Amino acid sequence: MVGIVIVTHSPKTAEGICEMAVQMARPGQKIIPAGGTADRRIGTDAAKIGEAIAAADEGDGVVVMVDLGSAVLSAETALEFVDPELRARTAIADAPVVEGAISAVVQASLGGSLNEVLTTAESARNLRKK
Amino acid sequence: MTNVYVAAIEAIGEAMIRNKEYLTDLDAAIGDADHGINMVRGFEAVRGKLGALPPEADLATVLKTVAMTLISTVGGASGPLYGTAFLRAAAVAQGKSAVDGATAVSLFMAAVNGIKERGKATRGEKTMLDALEPAYEAFAAGVGDNKPLPDCLELACAAAERGIEYTKTIVATKGRASYLGERSLGHQDPGATSSYILLKALNDFCRRRPAEEA
Ligand SMILES: Nc1ncnc2c1ncn2[C@@H]1O[C@H](COP(=O)(O)OP(=O)(O)O)[C@@H](O)[C@H]1O
Ligand SMILES: [Mg+2]
């Protein structure tokens, strides 16, 4: 299954999103939080994100969900340091982090490919609330 | 013998510590009030990491150490941005034992391009680039005119200072301040300010140590 990594500024946000997403996931689905800094302050940490990407990968690839701007910068920086083969099968989703994470997890648990999971996550941009 | 590159970075770190509150106050106006805290946390970690290097560490090693430490300790957008700048400069420094004018220009250029590549910003978006890019251009022009390197750094600082003033006149379209839209007008950008502080610290350092260049 494609693994999912959740990158948010607050460590609690990432953990909370993972808790929500697990409810929709098949057993064994990797959903790894990588929120906050190493000492659990608000922020993002490329090293932590890189480790989460490695931990989420089972060979089928990883989709990374991000919240605000600097989470994107840290996730892209993290990709520079992961193994090139893993980097080639990792994608950062351009999607709202909560809705995107739920959509991605459902698609990943259905056995979707990296591209399918990414597309599904990104189509969460169009989910209406009213 | 102290390592001149390490000493130069330490001088930058001290300047960040002196300006911690100033940078944080600027970020309070148009951001999340942490830029000074972020920079100081990063450079304090850097000081620890540099202290563990062998005294003969070359420029590339020093720059790479700074890069990796900033990337993993700063926490804010400035971490991956300055981290990437130092990382790209480290790649240029690889194998170089002394820094002449041409090398200094390529180090500076690689750093600025690293920030552009990482943040996908261009000049005029109210970011550190509004200080750094004109500073680079002034520096390169000075080297082109065969001016001594400290004088080129002086030109870079003056250009960065004008860049800070310019950021007051524009609306942020990149980074956290862009959430404020028009309300970011009139405020100077914290990242542009820390870029100036960095260059100024380097300039002061070079003037204290003539004939050496970091
Ligand atoms: N995409 C970007 N490109 C260049 N510089 C940026 C970008 N985003 C933010 N910055 C710079 O980072 C500074 C803010 O740094 P900091 O406060 O440490 O991070 P954060 O905004 O995540 O809290 C801004 O003042 C701006 O100069
Ligand atoms: Mg900030």
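The values are calculated or read from the model by the stated rules, or taken from the named source; none is laboratory data. What you see is a predicted model, and the numbers here were worked out from it, not measured in a lab. Methodologically, a virtual Cβ is constructed for each residue, glycine included, from the backbone with ideal geometry; neighbour enumeration extends over all protein chains shown. For accessibility, only protein heavy atoms count, side chains too; no ligands or nucleic acids. Shrake-Rupley method; radii C 1.70, N 1.55, O 1.52, S 1.80 Å.
Using the empirical formula 2.2 N^0.38 Å as the baseline, the Cα radius of gyration of the protein assembly as shown reaches a ratio of 1.04.
Only DSSP H runs of four or more residues enter the estimate; each adds -39500 (n - 2.57), and after division by the residues of chain A the mean residue ellipticity at 222 nm equals -15000 deg cm²/dmol.
Here is the P(r) of segment B:4-213: all C-alpha pair distances, binned every 5 Å from 0, give 1, 8, 15, 21, 22, 16, 9, 4, 1, 0 in whole percents.
What lysines could a cross-link reach from A:LYS129, if we take a straight Cα to Cα line under 25 Å and drop same-chain neighbours fewer than 8 places away? The reachable lysines, counting only those whose Cα sits under 25 Å from A:LYS129, are A:LYS12.
When the trypsin sites (Lys or Arg not before Pro) in segment A:12-121 are filtered for DSSP coil states and for at most 12 other beta-carbon atoms within 10 Å of their beta-carbon, the remaining sites are A:ARG40. A Stokes-Einstein calculation at 20 °C with viscosity 1.002 mPa s, built on the Kirkwood radius of chain A over Cα pairs, returns a diffusion coefficient of 154 µm²/s. In this rough spin-label picture, where each label sits 7 Å from Cα along the Cβ direction, the B:GLU56-B:ASP145 distance is 4.0 nm. When the accessible area of chain B is split by element with a 1.4 Å probe, what percent falls to carbon and sulfur? Result for chain B: 56 percent of the exposed heavy-atom area is carbon or sulfur. Which of the residue pairs A:LYS30/A:LYS130; B:LYS64/B:LYS96; A:LYS130/B:LYS174; B:LYS116/B:LYS168; B:LYS20/B:LYS200 have a Cα-Cα distance greater than 24 Å in the structure shown? In this structure, A:LYS30/A:LYS130; A:LYS130/B:LYS174 lie more than 24 Å apart at Cα.
Other chains' Cβ within 10 Å of A:42-51 residues: what's the mean?
Across the residues of A:42-51, the mean count of other-chain Cβ atoms within 10 Å is 4.
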